[in-house]
Amino acid sequence: MLKTSLGFIGVALVALLGADLEVLTLDPWGELGRMASGLVTPDWSALWSYRDALLQTVVFALCGTSLGAVLGALLAAGFHWAPVRGFCALIRAVHEIFWALLFLPLLGLNAVCGLLAIAVPYAGIFAKVYAETIQESDARPRDALPASTSGLSRFAYAVLPVAGTDLRSYTAYRFECALRSSAVLGFIGLPTLGFHLETALREGLYSEAGALLLAFYLLVGTLRWWLRARWVPVWVALAWGLLPKATHFSWENLTRFLTWEVVPWPLRREGFYAGTQTVQWDASGLLDWVWELAQGDVWSGVFNTLILTQIVLVATGVLTLLLFPGASHRFTGPWGRRLVHGGLIVLRTTPEYLLAYVFVLLWGPSMLPAIAAIALHNGAILAFLVSQRADRLTLRPDFPRRRLDRYFYELLPRLYGPFLALLFYRWEIMMRESALLGMLGVATLGFYIDSGFAEEQLDVALALLVVTAGLNLGIDQLSQVVRRRLRQEALPGAADRRPALAEPA
Amino acid sequence: MTESVVFRLHQESIGYNGQPVLSNLSLTIEAGERVALIGPSGAGKSTLLRTLYERLPDQCALMHQQYALVPQLSALHNVYMGRLDQHPTWENLRTLVWPSQQIRDEVEAVLNRVGLQGMARQRTRELSGGQQQRVALGRALYRNSPVVLADEPVSSVDPHQADALLHLLGSASPTLVMALHSVELAQRHATRLVGLRDGRIVLDAAPDQVPPERFAELYARPEALC
C-alpha cells in the first residue's frame, strides 16, 4: 500500500513539473472578496425573473433521470451479455456536457438535447449499478421459489422487492447528480440555472450569482422533503408535461450528420469543393489526417488530461486525509463537526464545473483552477465517507489521548486501505472531469473537443471524443487492477456508490 | 423399484470446492414417511435436503428457515409464492398489485391454519421470528405438494409452539423430510430418524428403537480436537 501510494505521489510530483500553475489575474484576492460579499448579500429580487430557469433545471433533471432509469433498467436486463456491458461502459465514459455538445448540431439548442445529454450517460451508469445491486442482493428468497416459476414472476416477487430499497436510494442519489448536471448544461446555452449564473459571474453581478447559487443549494438541501417516494410519479409526470417540446430534429439532419459531417475531412474534401457532398476514399489522406491529429490535438490533450488527473488524484487524497478528522467524532466536537459537515455539503453540492469557472475568474485559465475544483469536490465526498468509517470503528478503551497519536497510530492505519479503495474508485471520475474542464481553457481533451465543435469540425471533435472515452475506459480498467492489487474489494459496496451526505442517520 | 419409493440415493458423494460434504451416502425414502434428519451442525443435513430437492424440484416444497421469505412483501404474497409455478405470469403480476378474491380466500384459510389470522396484509419484516416461520410454513402448506422438505422449520419458536407447528407440517403433505436441531422434537414428530455425522449416515431407525446413548454418540465432540 505504501509503495503504491509513494509511486502515485512520485508520478504526481513529476506531473507538477509539466503543469501550468500560473496565476494570470492581477488581483485574485480582491475578486474573491467581491464574490464572497456577493454571496452574503444575495439579490433575491433577481431570482423572480429567473424562476423559469430554476424550474427548467428541475424539469431537465427529472426527465433525464427518469428516462435514464428506464433505459438503464432495460440495459441491466442484458448486462450478463458482454456487448451490452461494453456499450454501457462506452456511453458512461463520455461526460454529460460532451453529449450535449454532440447532440447540439443534431437537435439544436433545446430541451431534447439537454434531456438526452443527461439520459444517455445516466442510462449507462444505471445499467451497471442496477445489475450489480441485484447481483449482490440476498439470493435466498429467489432460491426458495418453486423450481419452474417463470423468470418474470421470479423477478417481480423475489428480486425487485428485495433489491428495491437500494435501487430506489441509488436512483434518488443520481437525481441529485442530475440537478448538478442540469444546472451546468446552462453554461453551454441550455435554459437552466447555469445560463444565468454564467452571465452573472461573467459580468461581475455577484449578488445575483449569489442568489442563484443559494437557491440551488436550497433546492438540493430540501430534496428529502419534497422528493418523497410517493410523490415521484407526480413530479415525473409534471416534468414531462412541462418539458418544452420544440425541437429541430429531422432525419435529414441525422443522416447528414452521420454520413457527411463526422466523416474525416480528407474523405470529404473533393465532394466539398465540387459541391456534390460525396465521400471519396483516400487512404493516404486519411492516414495523414490521423497522424496530424495524433501529433497535435490528441497528444497534447491526452498528455495534459493525464497530468491533471494524476495531480488531482493525489491532491484529492491529501485533502481527504486532512479533512476527514474534522467530520469524525473521534477528533472533533459536535459544533466543529457541524461546521465541517456544512462545508463538505456545500463543496459537494456545487458542481465541479461551476467551482472551476469561479476559480478561472479568480486565477485565470491555468491548471490551478481545475486542480482546486476537482480536488475540493471529490475530497469533500471522500472525506465524508472516510469519516463515516472512522465513526463506525471500535477502538480499544485506552486509545491515545493526543489527537495526533490517535490519528497516526489508531485511525490512519485502519482506514488507509478503505480510503485508497474509495480514492481509486473515483479515479475514473476525476479523469472525466479533468478532460471536461478543458472547456474552461486548460489544454486538456475538453479544450480541443470544444474547439472542434466551435469550428464545426465535427470529424475532429468526434475523433477526440472517442479518444476521451477510450482513455476513460483504460483508467477504469487500471483502477480495477490497482484496487485488486491492494487486495481491496473490487468494488465498494452499494453504500459507497451512493455517497449521500444528507442521508438521515 | 416399488411405486411408493420417492427418493433413492445410491452411494452419493457431494462436495463443494473439492471438500466432500456427503460421502458414499445411500438412502431410500418411501411415500408417507416422516423422516427427521438429526446430527451436529455441519454434518450435511442441509446439503442432503438440497440434493433431495434437486431430484424432484416440481413435486417438492422446500421450506428454509425464515430467510427464504421476501421481507418487503406481505404475508399474503409470501404464502402465494408457493404456487407461482401454477399460475401464468400475468396472473402473478396482477396478484402482486391486486389479488383476486379467490386467492385472498385461499391464502387467508392457510394463514388461519398456521395461526396468523388477520395478518395477510402485514409485511413479513414487521413480524416476529416465530410469526415469520409460520408464514414460511403457510407457504409450504399452500404449495400442497406431495413432498415437503424442511430445513430447521421451527428454529426460532418456543418448544410449545414448535410442537404445534410440526404437527401442522405433518399434515401438509404425505411425505416429509426435515432437518431438526432437537432430538426430542424429532422423536415426537418423525416416524424415522436418520442421524448424520461428517457426511455419513450413522443412525437410521424408528424413534422408539434408538437407545439414548446412541444420541450422545451422534453429538459427541471429536476427541482428537480437544
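Since every read-out is calculated from the coordinates, none of them should be taken as a lab result. Being a predicted model, the structure only gives us computed values, none of them experimental. Reconstructed Cβ throughout: ideal geometry from the backbone, glycine too, with neighbour counts over all protein chains shown.
For chain B, what is the mean residue ellipticity at 222 nm derived from helices alone (per DSSP H run of n ≥ 4: -39500 (n - 2.57); sum divided by total residues; nearest 500 deg cm²/dmol)?
Mean residue ellipticity at 222 nm (helix-derived): -10500 deg cm²/dmol.
Considering chain B as a Gaussian network with a 10 Å cut-off on Cα pairs, which listed residue, B:202, B:148, B:110, attains the greatest mean-square fluctuation?
Evaluated over chain B, the most mobile residue of the options is B:202.
Compute, for the range A:183-247, the length of the dipole vector about the Cα centre, with Cβ point charges of +1 (Lys, Arg) and -1 (Asp, Glu) only. Units Debye, rounded to 20.
Dipole size: approximately 420 debye.
If r is the Cβ-Cβ distance from residue B:50 to residue B:98 and R0 is 41 Å, what FRET efficiency results, to the nearest 0.05?
0.70
If you put +1 on each Lys and Arg Cβ and -1 on each Asp and Glu Cβ, how big is the dipole of the range A:2-136 around its Cα centre, in Debye rounded to 20?
Rounded to the nearest 20 debye, it is 460 debye.
Does the range A:128-285 come out rounded, prolate or oblate by the C-alpha gyration tensor, with a ≥ b ≥ c the root eigenvalues, rounded set by a/c under 1.5 and, if not, prolate when a/b is larger than b/c and oblate if not?
The shape class here is oblate.
How do B:23, A:182 line up, fewest other C-beta atoms within 10 Å first?
With the sparsest Cβ surroundings first, the list reads B:23, A:182.
Order these by the 10 Å Cβ neighbour count, fewest first: B:149, B:168.
Ascending number of Cβ neighbours within 10 Å: B:168, B:149.
Report, in cubic angstrom per residue, the convex hull volume of the C-alpha atoms of the range A:358-451.
Cα convex hull per residue, to the nearest whole number: 109 Å³.
Which one of A:441, B:74, A:311 has its Cα pushed farthest toward the positive end of the charge dipole of the protein assembly as shown, where Lys and Arg give +1 and Asp and Glu give -1 at the Cβ?
B:74
Hey, what do the phi angles of the range B:74-90 turn into as Karplus ³J(HN,Hα) couplings, whole Hz, using 6.51/-1.76/1.60 and θ = phi - 60°, x for Gly and Pro?
6, 4, 4, 5, 5, 6, 4, 4, x, 10, 4, 7, 9, 10, x, 4, 4
Give me the net charge of residue B:22's neighbourhood, meaning all other residues with Cβ under 9 Å from the Cβ of residue B:22; Lys, Arg count +1, Asp, Glu -1.
That sum, taken over residues with Cβ under 9 Å, equals 0.
Determine the distance separating the Cα centre of the range A:13-46 from the Cα centre of the range B:49-65; give it in Å without decimals.
Comparing the Cα centres of the range A:13-46 and the range B:49-65, I get a distance of 68 Å.
If you count, for every residue in A:147-160, the Cβ atoms of partner chains within 10 Å of its Cβ, what is the mean?
6
Counting Lys +1, Arg +1, Asp -1, Glu -1, what net charge surrounds residue A:471 among other residues with beta carbon under 10 Å of its beta carbon?
Local charge sum for residue A:471: -1.
Taking amide H positions as placed in the peptide plane 1.01 Å from N, state which residues far from residue B:25 in sequence (5 or more) or on other chains have amide H under 5 Å from it.
Counting only residues 5 or more places away or on other chains, the set is B:11, B:12, B:13.
Are there GluC sites (Glu not before Pro) in the range A:195-233 that DSSP puts in a loop and that have at most 16 other Cβ atoms within 10 Å, and which ones?
Counting only loop positions with at most 16 other Cβ atoms within 10 Å, the GluC sites (Glu not before Pro) in the range A:195-233 are A:203.
From the helices alone, meaning DSSP H stretches of at least four residues, give me the mean residue ellipticity at 222 nm for chain A, per-run term -39500 (n - 2.57), in deg cm²/dmol to the nearest 500.
Result for chain A, helices only: -23000 deg cm²/dmol.
Find the percent of Cα-Cα distances in the range A:144-206 that exceed 20 Å, and round it to a whole number.
Result: 56 percent of Cα pairs exceed 20 Å.
Using the crude model of +1 on Lys and Arg Cβ and -1 on Asp and Glu Cβ, and no other charge, please compute the dipole size for the protein assembly as shown relative to its Cα centre, in debye to 20.
Value, rounded to 20: 1820 debye.
Taking a cut-off of 13 Å, what percent of all Cα-Cα pairs in the range A:1-66 are separated by more than that?
Looking at the range A:1-66, the distances longer than 13 Å represent 80 percent of pairs.
With r defined as the distance between the Cβ atoms of residue A:148 and residue A:303 and R0 fixed at 56 Å, what FRET efficiency is calculated, to the nearest 0.05?
Result of the calculation: an efficiency of 0.45.
Among A:115-123, A:23-31, how do they line up from the highest to the lowest mean number of other beta-carbon atoms within 10 Å?
A:115-123, A:23-31
Mind checking which of A:84, A:71, A:127 is farthest towards the positive end of the range A:55-209's charge dipole, using Cβ charges of +1 (Lys, Arg) and -1 (Asp, Glu) about the Cα centre?
A:84
Starting from the Cα gyration tensor of chain A, take the square roots of the eigenvalues, sort them a ≥ b ≥ c, and report rounded, prolate or oblate (rounded when a/c is under 1.5, otherwise prolate if a/b is larger than b/c, else oblate).
Since a/c stays below 1.5, the shape of chain A is classed as rounded.
Considering only B:46, B:13, B:60, whose Cα is most displaced toward the positive end of the charge dipole of the range B:7-66, charges sitting on Cβ of Lys, Arg (+1) and Asp, Glu (-1)?
B:46
Among A:272, A:384, what is the fewest-to-most ranking by other Cβ atoms within 10 Å?
A:272, A:384
Please compute the net charge surrounding residue A:104, taking Lys and Arg as +1 and Asp and Glu as -1 over other residues with Cβ under 15 Å from its Cβ.
Net of charged neighbours comes to -4.
Over the whole of B:81-93, what's the average partner chain Cβ count within 10 Å per residue? Rounded to a whole number, please.
5
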